[in-house]
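Colleague: Here it is, the structure, as structure tokens.
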Amino acid sequence: MEDKRSFIEKAAESLGFIKKLDRYKGVSQTDFTDGIPKLTEPGDLANFPPPEQWDNWVEYDATELPKRIKKTYSIIPTTCFNCEAACGLLAYVDKEKQRIRKFEGNPYHPASRGKTCAKGPATINQINDTDRILYPMKQTGKRGEGKWERVSWDEALEDIGSRIGKVLQEKRHNEIVYHVGRPGNEGYMNRVLNGWGIDGHNSHTNICSAGARFGYNIWHGSDRPSPDYANAKFILLMSAHLESGHYFNPHSQRIIEAKLKGAKLCVIDPRLSNTAARADYWLPTFPGTEAALFLSLAKIIIDENLYNREFLENWVNWQDYMKQKNPDTTPEFSEFIAAIKDEYKSYTPEYAAAECGIDAEVIPEIAREIGKAGTQFACHSWRSAASGNLGGWQTSRCLHFLSVLVGAVGTEGGTLPNDWNKFKPTFHDTPPPHKQWNELHYPDEYPLSHYEMSNILPYLLKEGRGKLDVYFTRVFNPVWTYPDGFSWMEMLQDKDKVGLHVALTPTWSETAFLADYVLPMGHASERHDLNSYETHQAMWIAFRQPVMREYLRRQGKEVKLTYEANIGEVWEEDEFFIELSWRIDPDGSLGIRKHFESPDKQGEKLSVDEYYTHIFNNVPGLSERAKQENLSALDYMKKYGAFEVNQTVINQHMTEVTEDKGIKVLGKYRQGFPTPSRKQEFFSQTMMDWKWNEYTIPGYIKSHVYWRGLDKAKGEFILVPTFRLPTMIHSRSGNAKWLVEISNRNPVWINTTDADQLGIQTDDLVKVNTDIGYFVDKVWVTESIRPGVIACSHHLGRWRRDQDPPANRWVMNTVNIQEKEPGKYTVNTVRQIERYKSSDKDSEHIFWKEGGVHQNITFPPHPDPISGMHCWHQKVKIEKAGTDDSYGDIFVDTNKSFKIYKEWLTMTRPAPGPGNLRRPLWLNRPLKPVTEAFYYNK
Ligand code: SF4
């Protein structure tokens, strides 16, 4: 065998710095545990420690090498909280120092399989953050004045709980809102909010993924794609955001796996992302034209008979479409094919190429690759085009059309509805659905919106449509992440609009600065959560557990509440909401307390162990697996951190069911899909019923930033603000020094030819003018963005004001904010990132200064009239910065943003729909009320 060791490796081996690299050569399978080599020596870091040694794992201290100092660890699994994927982590607790030393991947997690992205191990930075919030804090001055005092948990709980109790007694249910940024814990908050009887769930979905979700949902009642990349032959990604940026190390692994087996990859993105750089086809389409490309691919698949007739004929509601076209005849399938050929005849490759700004020749080539892959065609869209453009939801609808055409829905190597992957826990007690309808979340104008209209909340309050008496923000930073953050600041500073703002957060943020209470909640290793996501073709659960609590348990020490084991008094939401519910309803008269009582010990509070015991005892197969090791289901999860519930989840629509529960297909009653027709809905009666006749089938909507409307001579460009560097988290990487060391500026990407025309070079300052203001940033001149488009990643440009507590100093600039005239704000940087003294010596070694520029705050609201998605892309004008302009300068006029909100409102077609409905009954809501609440009673 060829010796591939480098000179340095050979030298390191011979000096004994590293182990022999070929030491596993000839090792027999009996020396392995579950495919992992058994390790016995503390210097051997080549693989994962075997679980039988997790309680007492010895390895050399890496910081002491070449001295061989042994360290003994207790290894405890948990899951990462730095994106939704919830990859498995192993926390190494230093037994001598009684604290977590590091995080690595958990090989027993079915999705992440021992791997993490950079953000997983950086959890250690977050828990050791020198600026973290350790105790409950209360604002003593005016909101935003920065006057904070430490309070006890008891005082905070009593104050908040009694206030909520009063609101409920006075029947002002819609004035209590829980607004979630980073979610977690399957079903937990729904149980809490139903227990309180309120329509109080608000989310960040419509600044995130509502567009893509709506496009999928209208097809088949599930709102996320779940591609089986590992078994795919052709993979098409609309965006790189998911794979190279935000989500899913588990996805990336499987895309690479497929590529190694010969699969081809096509990436559609105006920017050469990490994923696009590894693709076989990179199509840098003009933002907003993607649907035209997909319909062109569809046309070729139909014209060249590359479609899957059996799937189309049986599983698509083509008869409904034909009935609309020709109600008097019973159509043949062949007539349907002829009709859609006619429907999409204008989408020739030449038309799509001209529209998208790409080569025409490549379109038939890709269409034939998709046809060849057939049921093994996997595709994905998350943010990207679907979140950037007016009508962006049609892009994911048109993308899914390709999966439908080749029958790659729910197949091995195809794309599955995400619900098939998702584990739904059962609880020891399930409160009934609430009976409210909160019009601040679901206003009449947006009856089809894919979840709550959180992006227009400040304007709805400004219009006097309601108020919030108690407003929880949970790991949620709208002042910084949402468009027009100044309108959020205005809202949060107005006590008449928001009576009490409670920020549940692990770290200070621009939004937490404007809270009345800041209540510290744990990072990944400091809290309980249950996770289950659509990472691959399987169903799994994972247990995010507070590591030090479990460590103390292993040492035989009882911990009653998690904060006793955490640093300072950092708590977690599970226990917080149990405790708070008791304060809301101390004597049980509101009917709330009973849902938060122990199922076993009468009159006592529910404990987290009781809560999870019930859930895990009811996971199919888990108790049996646990018994093999003489463990309870809960202890198994505490030991391994994850469990694979189903190894395969394909073809569930084919499942045979009774007549009342299914649809007759291929001679049997089958489960089908959760749509009105129980089939894939090429034709949407829902769109017709709700007054959108022109969008009953997949189509192409021209974006609000449609490129032909731009005047380049005037410096007009499309700004793509939706991408993110893979090492960043929306607004929670500021406390992770390793991540900030890697990424600490967000220049505007501009193509070489555009830069030449404007006479600008890398690092020149430009002013980027939006419809409500501007920001000043440096540029990066690059070939990695298509001409006519500029892009700026959205995760940097954090700030604090002088009065705010020191926070996230690895990345937060100190700024001066002034309201020059009513609603007109300027932001100027007073101090850039500086070195500082702290318990962490690295804070004296900071070498970067800029910290990035906050762009989102300069964007107006653009709520899509159908999906409700905020349409992120901006038509901007760029110019060289003037002598008065400095890096990071911002100007915003909130009067203009309110006007734009009103303009976009005129595009809507408000409820009621058929039967006096507020919203179609079959469309989901995260916290669904009773059916009667869907109907107007006015
Ligand atoms: S992909 Fe990265 S950030 Fe997301 S859960 Fe996995 S390790 Fe954490």
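Colleague: List, in the order given, every pair from 71/102; 70/115; 824/896; 142/899; 435/661; 147/824 whose Cα-Cα distance in the structure shown is over 18 Å.
Modeller: Exceeds cut-off: 70/115; 142/899; 435/661; 147/824.
Colleague: Sorted from fewest to most neighbouring beta carbons within 10 Å, what does the list 529, 763 look like?
Modeller: Lowest count first: 763, 529.
Colleague: Right, next: Check residue 236: other-chain or 5+ apart residues with amide H under 5 Å from its amide H, H built from backbone geometry?
Modeller: 266, 378, 379, 380
Colleague: Let me know the shape class of region 775-906, please: from the alpha-carbon gyration tensor, a ≥ b ≥ c as square roots of the eigenvalues, rounded when a/c is under 1.5, otherwise prolate if a/b is greater than b/c, or oblate.
Modeller: The shape class here is prolate.
Colleague: Go ahead and run the numbers for FRET between residue 325 and residue 648, Cβ-Cβ distance against an R0 of 45 Å, rounding to 0.05.
Modeller: 0.70
Colleague: Then there is this: Taking the Cα centre of region 787-899 as origin and charging only Cβ (+1 Lys, Arg; -1 Asp, Glu), how large is the dipole, in debye to the nearest 20?
Modeller: Result for region 787-899 is approximately 60 debye, rounded to the nearest 20.
Colleague: Separate question: I'd like the FRET efficiency for residue 617 and residue 834, computed as 1/(1 + (r/R0)^6) with the beta carbon distance as r and R0 of 51 Å, rounded to 0.05.
Modeller: So, using R0 = 51 Å, E works out to roughly 0.45.
Colleague: Which order do 764, 359, 804, 429 fall in if you start with the one that has the fewest other Cβ atoms within 10 Å?
Modeller: 359, 429, 764, 804
Colleague: Long-range amide H contacts for residue 185: which residues qualify at under 5 Å (H placed 1.01 Å from N, peptide plane, sequence gap of 5 or more or a different chain)?
Modeller: Those qualifying (amide H under 5 Å, at least 5 residues apart or on another chain) are 530.
Colleague: Another question about this same structure. First check a/c for region 133-173, with a ≥ b ≥ c the square roots of the eigenvalues of its C-alpha gyration tensor; if it is under 1.5, answer rounded, and if not, answer prolate when a/b is larger than b/c or oblate otherwise.
Modeller: Oblate is the answer for region 133-173, as a/c is 1.5 or above yet b/c matches or exceeds a/b.
Colleague: If r is the Cβ-Cβ distance from residue 313 to residue 907 and R0 is 45 Å, what FRET efficiency results, to the nearest 0.05?
Modeller: 0.75
Colleague: What percent do you get for the relative contact order of the chain when only Cα pairs under 8 Å and 6+ apart count?
Modeller: 16
Colleague: Treat each spin label as a single point 7 Å out from the Cα along the C-beta direction, and report the residue 630 to residue 348 distance in nm.
Modeller: Those two pseudo-labels are separated by 7.7 nm.
Colleague: With both bridge residues required to lie in the chain, what share of the DSSP beta bridges run antiparallel, to the nearest 5%?
Modeller: The antiparallel proportion sits near 60 percent.
Colleague: Under the Karplus relation 6.51 cos²θ - 1.76 cosθ + 1.60, θ = phi - 60°, what is the ordered set of whole-Hz ³J(HN,Hα) values for region 202-208, x standing for Gly and Pro?
Modeller: Result, ordered by residue: 10, 10, 9, 4, 8, 10, 10 Hz.
Colleague: Could I ask something else about it? Please report 899, 171, 605 as a ranked list, fewest other C-beta atoms within 10 angstrom at the top and most at the bottom.
Modeller: In order of increasing Cβ crowding within 10 Å: 171, 899, 605.
Colleague: If I model a spin label as a point 7 Å beyond the Cα along the Cα-Cβ vector, how far apart are those points for residue 150 and residue 94 in nm?
Modeller: So the label points at residue 150 and residue 94 sit 2.4 nm apart.
Colleague: Within region 798-817, find all residues whose amide N lies under 17 Å from a label point positioned 7 Å from the Cα of residue 847 along Cα-to-beta-carbon.
Modeller: Answer for this model: 810-811.
Colleague: Subtract the Cα-Cα distance of residue 305 and residue 494 from 0.36 nm times their separation in residues, and report this length gain in nm to one decimal.
Modeller: 61.9 nm
Colleague: Also, quick follow-up: Tell me, what ³J(HN,Hα) does each residue in region 572-587 have, in order and in whole Hz, if you take phi through Karplus 6.51 cos²θ - 1.76 cosθ + 1.60 with θ = phi - 60° and put x for Gly and Pro?
Modeller: My calculation for region 572-587 gives 8, 5, 3, 6, 4, 6, 5, 4, 5, 4, 5, 6, 5, 10, x, 9 Hz in order.
Colleague: Given labels modelled 7 Å from the Cα in the Cβ direction, how far is it in nm from residue 333 to residue 465?
Modeller: Label at residue 333, label at residue 465, 4.6 nm between them.
Colleague: What lysines sit close enough to residue 67 to cross-link, taking a C-alpha to C-alpha distance under 17 Å and skipping anything fewer than 8 places away on the same chain?
Modeller: Leaving aside lysines fewer than 8 places away in the same chain, those within reach of residue 67 are 19.
Colleague: For region 674-775, just say rounded, prolate or oblate: build the C-alpha gyration tensor, square-root its eigenvalues into a ≥ b ≥ c, call rounded for a/c under 1.5, and beyond that prolate if a/b exceeds b/c, oblate if not.
Modeller: The shape class here is oblate.
Colleague: For residue 762 and residue 361, calculate 0.36 nm times their separation in residues minus their Cα-Cα distance, and state this gained length in nm to one decimal.
Modeller: Extra length available between residue 762 and residue 361 comes to 141.0 nm.
Colleague: If the label point is 7 Å along Cα→Cβ of residue 602, which residues in region 411-452 have backbone nitrogen under 16 Å from it?
Modeller: No residues fall inside that zone.
Colleague: Mind computing the radius of gyration and Dmax over the alpha-carbon atoms of the chain? Å is fine for both.
Modeller: Final numbers for Rg and Dmax: 27.6, 87 Å.
Just so you know, all these numbers are worked out from the coordinates, no wet-lab data involved. Worth saying up front: this structure is predicted, and the values here are computed from it rather than measured. Cβ coordinates were reconstructed from backbone atoms using ideal geometry, including for glycine residues, and neighbour counts include every protein chain displayed.
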